[in-house]
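Below is one structure, written out as structure tokens, with a few remarks after it.
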Amino acid sequence: METVVSGIRPTGNLHLGNYFGALRNFISMQNEHNCYFFIADYHSLTTHPTPQDLHGNVRQILVEYLAAGLDPEKATLYVQSDVPEVSELYLFLNMNAYIGELERCTSFKDKIRQQQNNINAGLLTYPTLMAADILIHRATKVPVGKDQEQHLEMTRTFGNRFNRMYNVEYFPEPQAFNFGQELVKIPGLNGSGKMGKSEGEGNAIFLADEPEDIRKKVMKAVTDAGPTEPNQAKTEAIQNIFQLMKVVSAPETYDFFNEKYNTCQIRYGDMKKQLAVDMIQFTTPFRERIKAISSDEAYVSKVARMGKEKAQENAAKTIREVREIIGFKAF
Ligand code: TYM
């Protein structure tokens with residue numbers, strides 16, 4: 001049995017990228033492994049330092065975890081800030097993380113371009129906080145999308161460095177995980193890049209979206225002028241639409257439009273109509289369960305309290321051991 005840890009930032013509702021990159025794996029792993037799935041609210045402050053409704057955002061992700069099929073009896077579902085032991089491990093790991101390696105991190109470089117007036121130390125040390133999340137449970141598997149690969153590599157570096165510096169074999173080496181083997185990157189609807197909550201209006205399809213909103217977003221998705229010769233290579237925008245179809249539609253539907261493309265008979269409007277229908281069909285059960293669970297205040301609170309207790313118990317054990325390894329002693 002592996003120990004599994006993963007988290008999602010509460011900076012917006014969950015979208016199909018979160019689902020296919022992470023959540024889908026959480027659900028399949030909870031049956032076999034010792035799983036800790038959390039809501040990364042500390043991390044969200046690196047980009048959203050003064051959120052309007054932090055608690056509401058955290059609650060929404062917890063509801064969406066439950067609606068997607070996470071079972072609080074099988075996996076430990078908790079809120080990162082409910083386990084402040086994480087921040088103590090973050091402090092220890094920061095002592096052995098070097099500015100140079102943090103500055104070279106791709107996500108840091110992206111963020112300093114995106115938020116030039118808020119290049120805070122939390123952004124720079126984002127990977128050490130993420131390493132603390134993972135190492136606090138001494139995890140071996142971390143289900144994430146492709147964008148988190150480098151963070152996992154840094155987590156291994158920090159864990160190994162700790163072991164070397166204090167001459168122990170304490171932290172195992174966690175591996176990024178996707179049950180389909182390859183880590184995935186789900187594209188957005190605006191023609192380039194990944195689906196993301198901060199990638200612009202209309203780029204992401206959320207599990208909680210109403211059908212009409214999905215239809216509008218999909219119909220506005222960026223396309224091109226169409227193929228002019230058989231089997232022409234697809235532009236990025238078109239590859240993206242096909243990739244989205246691959247994850248939500250039946251294989252025959254995908255093959256049908258692929259054939260139309262390859263024979264220059266494709267009508268993107270028809271393809272997008274079909275994609276919208278399939279996305280609505282895919283998301284509808286989620287949307288319905290999100291609404292039902294969200295109205296059950298007592299249940300949501302109970303899940304959060306239960307998760308806090310279980311996560312804290314394990315985290316406190318790690319912190320006790322780490323303090324001892326470093327050499328802190330009680331008087
Ligand atoms: P976040 O909140 O950006 O995204 C949560 C998860 O969703 C995946 N994901 C995607 N996968 C495929 N295609 C996409 N378009 C897409 N968009 C998002 C992400 O890879 C991620 O798995 N740093 C993390 C949160 C975190 C964490 C951790 C994860 C904090 N501590 C410890 C694992 C372990 C993040 O920002 O994810």
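What fraction of the DSSP beta bridges in the chain is antiparallel, stated in percent and rounded to the nearest 5? Close to 10 percent. The residues HIS55, HIS151, sorted by heavy-atom accessible surface at 1.4 Å with ligands and nucleic acids left out, run HIS55, HIS151 from largest to smallest.
Taking 0.36 nm per residue of separation and subtracting the current Cα-Cα distance, fully stretching the chain between PHE331 and ALA298 would add 7.6 nm.
Please report, in debye to the nearest 20, how large the charge dipole of the chain is about its Cα centre when each Lys and Arg carries +1 at its beta carbon and each Asp and Glu carries -1 there.
Charge dipole, the chain, about its Cα centre: 320 debye, nearest 20.
Averaged per residue, the range 197-291 has 54 square angstrom of accessible surface, using a 1.4 angstrom probe with ligands and nucleic acids left out. Placing R0 at 30 angstrom, the Cβ-Cβ distance between ARG161 and ILE119 gives a FRET efficiency of 0.75 after rounding to 0.05.
Student exercise: in the range 183-229, how many lysine pairs 8 or more apart or on different chains have Cα atoms under 18 Å apart? Each step should come with its number before you reach the end.
Values: LYS185/LYS194; LYS185/LYS197; LYS194/LYS217; LYS194/LYS220; LYS197/LYS216; LYS197/LYS217; LYS197/LYS220.
The result is 7.
Per residue, the accessible area of the range 131-174 comes to 40 Å², computed with a 1.4 Å probe over protein heavy atoms only.
Please go through the range 170-229 and write out the chymotrypsin sites (Phe, Trp or Tyr not before Pro) that DSSP classes as loop and that have at most 15 other C-beta atoms within 10 Å.
Values: sites: TYR170, PHE177, PHE179, PHE206; in loops: TYR170, PHE179.
Of the chymotrypsin sites (Phe, Trp or Tyr not before Pro), the ones in loops of the range 170-229 whose Cβ has at most 15 other Cβ atoms within 10 Å are TYR170, PHE179.
In this label model, GLU153 and ARG305 are separated by 4.5 nm, measuring between points 7 Å along each Cα→Cβ vector.
The label-point distance for LYS291 and ILE112, in a model that sets each label 7 Å from Cα toward Cβ, rounds to 4.7 nm. Between the helical axis of 54-68 and the longest alpha-carbon principal axis of the chain there is an angle of about 70 degrees. Here each label is just a point 7 Å from Cα along the line to Cβ, and for GLN181 and ALA233 those points are 2.4 nm apart.
Could you please state, rounded to a whole Å, how far the C-alpha centre of the range 176-219 is from the C-alpha centre of the range 59-79? One Cα centre to the other: 21 Å. Counting only alpha carbon atoms, the long axis of helix 149-165 and the longest principal axis of the chain meet at about 10°. How far is helix 251-262 tilted off the main Cα axis of the chain, in degrees rounded to 10, range 0 to 90? Approximately 60 degrees, to the nearest ten. Applied to the range 219-230, the Karplus parametrisation 6.51 cos²θ - 1.76 cosθ + 1.60 on θ = phi - 60° returns per-residue 3J(HN,Hα) values of 5, 8, 4, 5, 10, 10, 7, x, x, 10, 9, x Hz, with x for Gly and Pro.
Take LEU189: with every protein chain present and a 1.4 Å probe, its accessible area is about 10 Å². Applied to the range 117-129, the Karplus parametrisation 6.51 cos²θ - 1.76 cosθ + 1.60 on θ = phi - 60° returns per-residue 3J(HN,Hα) values of 9, 8, 8, 8, 5, x, 5, 5, 9, 3, x, 6, 5 Hz, with x for Gly and Pro.
Set Lys and Arg Cβ to +1 and Asp and Glu Cβ to -1, take the dipole of the chain about its Cα centre, and tell me which of TYR36, MET154, ILE134 lies farthest positive. Value computed over the given set: MET154. Of the chymotrypsin sites (Phe, Trp or Tyr not before Pro) found in the range 62-168, those that fall in a DSSP loop while having at most 14 other beta-carbon atoms within 10 Å are TYR98, TYR166.
Which percent of the accessible area of the range 197-291 is formed by carbon and sulfur heavy atoms (probe 1.4 angstrom)? Don't skip to the end; give the middle numbers.
Details: 2570 of 5160 Å².
For the range 197-291, the apolar C and S fraction of the accessible surface comes to 50 percent.
The GluC sites (Glu not before Pro) of the range 101-188 that meet both conditions, a loop assignment by DSSP and at most 13 other Cβ atoms within 10 Å of the site Cβ, are GLU169, GLU182.
What the phi angles of the range 282-288 give under the Karplus curve with 6.51, -1.76 and 1.60, with θ = phi - 60°, is a coupling list of 5, 7, 3, x, 5, 4, 5 Hz, glycine and proline written as x.
Between the listed residues GLN281, GLY269, PHE257, the Cα displaced farthest toward the positive end of the dipole of the range 254-297, a dipole computed from Cβ unit charges relative to the Cα centre, is found at GLY269. Under 17 Å of direct C-alpha separation, and excluding same-chain neighbours fewer than eight residues apart, LYS310 reaches these lysines: LYS74, LYS302.
The values are calculated or read from the model by the stated rules, or taken from the named source; none is laboratory data. This structure is a prediction, so every number in the text was calculated from the model and none was measured. No Cβ is skipped: glycine too gets one built from the backbone with ideal geometry, and neighbour counts run over all protein chains shown. Accessible surface areas use protein heavy atoms only, side chains included; no ligands, DNA or RNA. Shrake-Rupley method; radii C 1.70, N 1.55, O 1.52, S 1.80 Å.
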